[in-house]
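Shown next, in structure tokens, is the structure this report addresses.
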Amino acid sequence: MIKKIAFRVLLTTLIIFIASLYSFANDSPKRIVSLSPNLTQVIYALGYLDQVVGVTIYDEFPPQVKDLSKVGGWINPNYEAVMALKPDLVVLMKDQDLSFGDKLRNLGLKTFTAKSNDSIKDIIQAISDLGEILGEKEEAKKLTLSIESSLNEVNQKTNNTKKKRVLLVVGRNPGTLEDIYVIGTNNYMDELITLAGGENVVENERTSIKITKEAVYSFNPEVIIEINHLKIDREDEILDTWSNLKQVDAVRNNQVFILSSKVLLHPSQRIVEGARVLAEILHPEIKEKYGNNN
């Protein structure tokens, strides 16, 4: 009799457990609006893009997003457009949530907020958290382990190289060396520079700061990398502008490089691509010795 009762309890517990798993799967979002391109990219990597019904005007990757409805910009979403898509989940970053997260929730929308993307650790955590809410916990685990392994591989390849002094420029007035915005130390891009065998010449802990061309002389970087945010080819303009600083090591030794914003400015799984590209710029012998693993 006792054995029968124990068996029934065990069976009931098992049924409840299976039912809870089924319920969790059914609760997974089916219509997602992504308000940040990096989160769209993570959703894609988790194999969940088919459930995305709306993205921002800045989303470019993966290519399939061009066919999705656009719901405004990163800081100014179109609430009517969002509501019209009838999402059961809206995903956004912490800074966005602080700005308009309550507005979304007051409209009756369920939200997921990635807490931060300041560091590589933050990016890894955001992927894990998003995988949890999508019901793709195992896929998220595989993805984060792959990212960590790939970044470690880049670090191993550059570990015994001489660190090169790097200035990473993310903005300036076109055609001039005025209002130059550069990356500081408190962000994942600084971490990628270090992993790739570089040393950020800017020691300011702010994410980015504005400097003068005189400061560039003072920093005297060995390598200057400028982000080209525009889709048009600006290579000649960028190189011509920096050629005015011939006393700077990077300019004198033809070590000024131009990267698309797609390579470095996406805090998603694509940081692996960013680390590899930086490593090959700073230490071209890496590509020759190990081959191109991209």
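In terms of modelled amide H atoms, which long-range or inter-chain residues lie less than 5 Å from the amide H of N228?
Distant-sequence amide H within range of N228: L259, S260, S261.
If you plug each phi of region 199-206 into the Karplus form 6.51 cos²θ - 1.76 cosθ + 1.60 with θ = phi - 60°, what whole-Hz ³J(HN,Hα) values come out, in order, with x for Gly and Pro?
Rounded to whole hertz, the list is 9, 5, 6, 8, 9, 5, 7, 6.
With the cut-off at 18 Å, tell me which of the pairs K163/K210; K121/K287; K70/K115; K30/K141; K30/K137; K30/K86 have Cα atoms farther apart than that.
As for pairs spanning more than 18 Å Cα to Cα, those are K163/K210; K121/K287; K70/K115; K30/K141.
Hey, what angle do you get for helix 120-134 against the long axis of the chain, alpha-carbon based, 0 to 90 degrees rounded to 10?
It is inclined by approximately 30 degrees.
If packing is taken as the average count of other Cβ atoms within 10 Å, what order do 203-210, 132-139, 192-199, 162-169 fall into, highest mean first?
192-199, 162-169, 132-139, 203-210
Straight distance only, please: which lysines reach the Cα of K246 with their own Cα at less than 16 Å, same-chain residues fewer than 8 apart left out?
Filter leaves K213.
Region 187-217 to region 99-139: how many Å between their Cα centroids?
After rounding, the separation between the Cα centres reads 28 Å.
Explain nothing, just the number: dipole magnitude of the chain about its Cα centre with +1 on each Lys and Arg Cβ and -1 on each Asp and Glu Cβ, in debye rounded to the nearest 20.
Result for the chain is approximately 1060 debye, rounded to the nearest 20.
What does DSSP give for the chain in terms of the percent of beta bridges that are antiparallel, rounded to the nearest 5?
Of the beta bridges lying entirely in the chain, close to 25 percent run antiparallel.
Considering only DSSP beta bridges where both residues belong to region 161-290, give the percentage that are antiparallel (nearest 5).
Bridges in region 161-290 that DSSP calls antiparallel: roughly 35 percent.
Taking the Cα atoms of region 164-276 alone, what are Rg (to one decimal) and Dmax (as a whole number) in Å?
My reading of the Cα-based Rg and Dmax gives 13.0, 38 Å.
Specify whether the C-alpha gyration tensor of the chain places it in the rounded, prolate or oblate class, a ≥ b ≥ c being the square roots of the eigenvalues: rounded for a/c under 1.5, otherwise prolate if a/b is larger than b/c and oblate if not.
prolate
Starting at 0 and stepping by 10 Å, how many percent of the alpha carbon pairs of region 27-151 end up in each bin?
14, 48, 33, 5, 0
Suppose the chain between E237 and K110 were pulled fully straight at 0.36 nm per residue; how much longer would it get relative to their current alpha carbon spacing?
Going from the current span to full extension adds 41.2 nm.
Just so you know, all these numbers are worked out from the coordinates, no wet-lab data involved. Worth saying up front: this structure is predicted, and the values here are computed from it rather than measured. Positions of Cβ are generated from backbone atoms using ideal geometry, with glycine treated the same way; all protein chains shown enter the neighbour counts.
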